[in-house]
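Student: The structure that follows is given in the form of structure tokens.
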Amino acid sequence: MPSLQSLRRKISSVKNTQKITKAMKMVASAKLKRAQGRILAFRPYGLKMRGVVASLSRRVNRHLHPLLQKRLTKIVRVVVVTSDRGLCGAFNTNIIRRALDFIRTCEGRGVKVEIGLVGRKGRDFFHRRHWKMHEPFIDVFERLTYEHGIEIGQTASDQYTSGLFDEAHIIYNEFKSAMQQRVIVEQIFPIESFEDDGTTSEALGGAYLYEPDESELLDALLVKHLHAQVFRILLESSAAEQAARMSAMDGATRNAGEVIKKLTLYYNKTRQAGITKELMDIVGGAEALK
């Protein structure tokens, strides 16, 4: 039976942990509000950009643009977007599990797989398993800006046009709500033909005249579209991470409360048993003196 002193120390330790998890929940909640506002504000831009590129891509020859060209797939780049910090529940575990499943699927097709990483947790996981990795992007979520989307997108597009890989997919957590995130596998190279989502010029009731011509505009917009989509994915992951961390810390705070209740009850019972034993010893001693 543990001593009363050890029980008091354990209760105090759990209470301190509860204070930390409660504070982390409040911080994650504040960060989530800001990240949610950013992704909800950026999504319409991403959709409109997708619509313009969809309209232009139907007007030109896909083979004229290296980012649209489909090649014989020999090397697949899988970009895994994880967080830089832990304590966010199954956020990183779900992404890594989905990435491993997708990698096995690619290897089953007989293609070579290379790993690209955004986030420290993914870097640590694949580094321990000696996967071939390209230079990871670390600590981008601390102060996430559009420049990060440009940097990551430009690096990937340069490597794709140089022929370092033939196909690329990015795996990330899409933000749905504060209680729900969804793991997405999205192809980024070659850029696919987009379905008509109601935002193209044809869907809006007619065609536009472009100056300069469609081919030059598509050359410029494809790169901007790629940067915008990479930045959108980073925003999605950032908001999903804060939502997962807030949920995890809320659960940890409630669990700590349950542990404190159980330990306090056990402490009181142990203390009561000790007092009862002392009283019995006193009564027994008094009876012995009679």
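The values are calculated or read from the model by the stated rules, or taken from the named source; none is laboratory data. Nothing here was measured: the structure is a model prediction, and the numbers come from that model. So basically every Cβ, Gly included, is an ideal-geometry build from the backbone, and we count neighbours across all protein chains shown. Only protein heavy atoms, including side chains, enter the accessible area calculation; ligands, DNA and RNA are left aside. Shrake-Rupley method; radii C 1.70, N 1.55, O 1.52, S 1.80 Å.
Student: Report, by residue number, each residue of segment 132-158 that is without any contact (Cβ under 8 Å) to a residue 24 or more places away in the chain and in a helix (DSSP H, G or I).
Tutor: Selection gives Glu147, Glu151, Thr155, Asp158.
Student: Turning to a different aspect of this structure: Let me confirm something: among Lys25, Lys31, which residue is modelled with pLDDT of 85 or more and in contact with an Asp or Glu (Cβ under 7 Å, 6 or more places away or on another chain)?
Tutor: Numbers: Lys31 fails: in contact with an Asp or Glu (Cβ under 7 Å, 6 or more places away or on another chain).
Every option except Lys25 fails the conditions.
Student: Could you look through segment 240-273, keep only residues that are among the acidic types (Asp, Glu) and surrounded by 14 or more Cβ atoms within 10 Å (Cβ to Cβ), and pick out the one that is farthest from Lys15 (Cα to Cα)? Outline the logic, then answer.
Tutor: Of the residues in segment 240-273, the ones among the acidic types (Asp, Glu) are 241, 250, 258.
From what's left, surrounded by 14 or more Cβ atoms within 10 Å (Cβ to Cβ): 241, 250.
Details: Glu241: 26, Asp250: 14 Å.
The residue in question is Glu241.
Student: Please specify each residue of segment 83-118 satisfying the condition of being open to solvent by less than 20 Å² (accessible area, probe 1.4 Å) and touching a residue at least 60 places away in the same chain (Cβ under 8 Å).
Tutor: Ser83, Cys88, Phe91, Ile95, Ala99, Val118
Student: Would you please name the residue that is farthest from the chain's Cα centre (by Cα), looking only at residues in segment 29-60 that are open to solvent by less than 80 Å² (accessible area, probe 1.4 Å) and either of a type in the set (Ser, Thr, Tyr) or over 18 Å from Ala228 (Cα atoms) (or both)?
Tutor: Among them, the one singled out is Val60.
Student: List, please: which pairs have Cβ atoms under 9 Å, are six or more places apart or on different chains, and start with a residue in segment 213-232 that is polar (S, T, N, Q) and end with one that is in a helix (DSSP H, G or I) and open to solvent by less than 30 Å² (accessible area, probe 1.4 Å)?
Tutor: Ser215/Leu56; Gln229/Gly46; Gln229/Met49; Gln229/Gly149; Gln229/Gly153
Student: Separate question: Can you find even one residue in segment 101-113 that is part of a helix (DSSP H, G or I), in contact with a Leu (Cβ under 7 Å, 6 or more places away or on another chain) and at pLDDT 90 or above?
Tutor: The answer is no, given that none of the residues of segment 101-113 is part of a helix (DSSP H, G or I), in contact with a Leu (Cβ under 7 Å, 6 or more places away or on another chain) and at pLDDT 90 or above.
Student: Next question. Specify which of the listed residues (Gln272, Gln242) is over 21 Å from Lys19 (Cβ atoms) and not small (Gly, Ala, Ser).
Tutor: Numbers: Gln242 fails: over 21 Å from Lys19 (Cβ atoms).
Just one listed residue meets the conditions, Gln272.
Student: Just checking, how many residues over segment 122-161 are among the basic types (Lys, Arg), open to solvent by 70 Å² or more (accessible area, probe 1.4 Å) and within 16 Å of the chain's Cα centre (by Cα)? Step through it out loud before you land on a result.
Tutor: Filtering segment 122-161 down to residues among the basic types (Lys, Arg) leaves 123, 128-129, 132, 143.
Subset that is open to solvent by 70 Å² or more (accessible area, probe 1.4 Å): 128-129, 132, 143.
Restricting the remaining residues to those that are within 16 Å of the chain's Cα centre (by Cα) gives 143.
Final tally of qualifying residues: 1.
Student: Could you list, in sequence order, all residues of segment 60-80 that are assigned to a loop (DSSP other than H, G, I, E, B) and modelled with pLDDT of 75 or more? Reasoning before the result, please.
Tutor: From segment 60-80, those assigned to a loop (DSSP other than H, G, I, E, B) are 60-61, 65-74; that's our starting set.
The answer is His65, Pro66, Leu67, Leu68, Gln69, Lys70, Arg71, Leu72, Thr73, Lys74.
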